[in-house]
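Colleague: Got a structure for you, written out below as structure tokens; questions coming shortly.
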Amino acid sequence: MATGVEASRLSLNTATVREQWSLAQCIDGCARHGIGGISPWRDKLQEMGATNAAKAIRDAGIGVSGLCRGGWYTEEGAITQAVIDDNRRAVDEAAEIGAACLVMVVGGLPRGSRDINHAHALVEEGLAKTLEHARTVNVPIAIEPLHPMYAGDRACVNTTGHALDMCDRLGDGIGVALDVYHIWWDPEISAQIERTGKKRLLAFHVCDWLVPTRDLLTDRGMMGDGVIDIAGLRAQVEKQGFDGYIEVEIFSQENWWKRDPDEVLATMIERGAVI
Ligand code: ZN
């Protein structure tokens, strides 16, 4: 276990080269480098068109480890029809490209609110509504717990334990996307990975935590450049039977977004060998 990841088992989350490449270029890049999977963001998918993208991905023989992202349930302070409809579209897009899951960034506090419990309730209500549709088209919903520093503005579900409590209540068709950037610090993570189990382990995202971190959103590191025990976490998810793609998702304004994307992909592969 944890003896390195072949390129064919890596997946490129398109955020990693979002400043440089369109989705079509990402698909070509994966094919050229032998990267087996891709995980598009919705803006890039919509730009290309889901039908075109689905065909190009199929033709390239690449798997789809996820679609990023649905969610944002809290922004209006209520579960509005617009929020429900947008998530329904996200589910349909995920189905069209054959994504292994739809990744959910659930939303932070509603504007002007200090009521975190209300935000949690909105998220659960919204997920339940999205699930009704997702189950009919067999798209698994993956809650991505985010690091607590994003509770105010991005996601108020911040631990794997909290995400799994919601999954327990919501039933079939929902699990978690575990991103090492968001979970590595959690003293309960080993127990929670065991609790997750294979069926609810829908995605595994990697990058690294840089010390110091210069920006809360856009200063993620390439695997091996920071302090996360990525190989250790990978061994734990694989012990549960996870055999999906190892998805590389790096937001890096000052470094990787400025580089030649072919160099970024080559580095991903090189570092994949040591995680
Ligand atoms: Zn992620």
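The values are calculated or read from the model by the stated rules, or taken from the named source; none is laboratory data. Computed from a predicted structure; not experimentally measured. For neighbour counting, all protein chains shown are included, and Cβ atoms are generated from backbone atoms with ideal geometry for every residue, glycine included. Accessible surface is based on the protein model in full, side chains and every heavy atom, while ligands, DNA and RNA are left aside. Shrake-Rupley method; radii C 1.70, N 1.55, O 1.52, S 1.80 Å.
Colleague: For region 135-144, name all the residues that are among the hydrophobic types (A, V, I, L, M, F, W, C) and closer than 17 Å to Leu201 by Cα. Spell out the reasoning first.
Modeller: Initial filter on region 135-144 (among the hydrophobic types (A, V, I, L, M, F, W, C)): 137, 139, 141-143.
Within region 135-144, Val139, Ile141, Ala142, Ile143 qualify.
Colleague: Might you check whether a residue that is within 15 Å of the ligand (Cβ to nearest atom) and not hydrophobic (A, V, I, L, M, F, W, C) occurs anywhere in region 205-217?
Modeller: Within region 205-217, the subset within 15 Å of the ligand (Cβ to nearest atom) is 205-209, 216-217.
Going one step further and asking which of them are not hydrophobic (A, V, I, L, M, F, W, C), we end up with 205, 208.
Yes; the residues of region 205-217 include at least one that is within 15 Å of the ligand (Cβ to nearest atom) and not hydrophobic (A, V, I, L, M, F, W, C).
Here is a yes/no grid of residues against (1) within 16 Å of the ligand (Cβ to nearest atom); (2) free of Cβ contacts under 8 Å to residues at least 24 places away in the same chain; (3) surrounded by fewer than 19 Cβ atoms within 10 Å (Cβ to Cβ); (4) more than 20 Å from Glu247 (Cα to Cα):
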{"residue": "Asp59", "(1), (2), (3), (4)": "no, yes, yes, yes"}
{"residue": "Val64", "(1), (2), (3), (4)": "yes, no, no, no"}
{"residue": "Gly71", "(1), (2), (3), (4)": "yes, no, no, no"}
{"residue": "Thr74", "(1), (2), (3), (4)": "no, no, no, yes"}
{"residue": "Val83", "(1), (2), (3), (4)": "no, no, no, yes"}
{"residue": "Ala94", "(1), (2), (3), (4)": "yes, no, no, no"}
{"residue": "Gly98", "(1), (2), (3), (4)": "no, no, yes, no"}
{"residue": "Val103", "(1), (2), (3), (4)": "yes, no, no, no"}
{"residue": "Arg111", "(1), (2), (3), (4)": "no, no, yes, yes"}
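Colleague: Restrict the check to region 121-135 and report whether at least one residue is touching a residue at least 40 places away in the same chain (Cβ under 8 Å) and assigned to a loop (DSSP other than H, G, I, E, B).
Modeller: no
Colleague: Also: Return the total of residues in region 157-175 being within 16 Å of His120 (Cα to Cα), within 16 Å of the ligand (Cβ to nearest atom) and open to solvent by less than 30 Å² (accessible area, probe 1.4 Å).
Modeller: So the count comes out to 4.
Colleague: Continuing with the same structure: Cβ-Cβ distance below 6 Å, separation of 6 or more or different chains: which pairs start in region 175-195 with a residue that is at pLDDT below 95 and end on one that is within 12 Å of the ligand (Cβ to nearest atom) and open to solvent by 70 Å² or more (accessible area, probe 1.4 Å)?
Modeller: Matching pairs, first to second residue: none at all.
Colleague: Select from region 229-267 the residues that are within 17 Å of the chain's Cα centre (by Cα), open to solvent by less than 30 Å² (accessible area, probe 1.4 Å) and within 24 Å of Cys26 (Cβ to Cβ) and list them in ascending order.
Modeller: Once the filter is applied, which keeps residues that are within 17 Å of the chain's Cα centre (by Cα), open to solvent by less than 30 Å² (accessible area, probe 1.4 Å) and within 24 Å of Cys26 (Cβ to Cβ), region 229-267 yields Ile230, Arg234, Phe242, Gly244, Ile246, Glu247, Val248, Glu249, Ile250, Phe251, Ser252.
Colleague: Name the single residue that is surrounded by the fewest Cβ atoms within 10 Å (Cβ to Cβ) among those in region 1-23 being without any contact (Cβ under 8 Å) to a residue 60 or more places away in the chain and among the polar types (S, T, N, Q).
Modeller: Taking the candidates together, the pick is Thr3.
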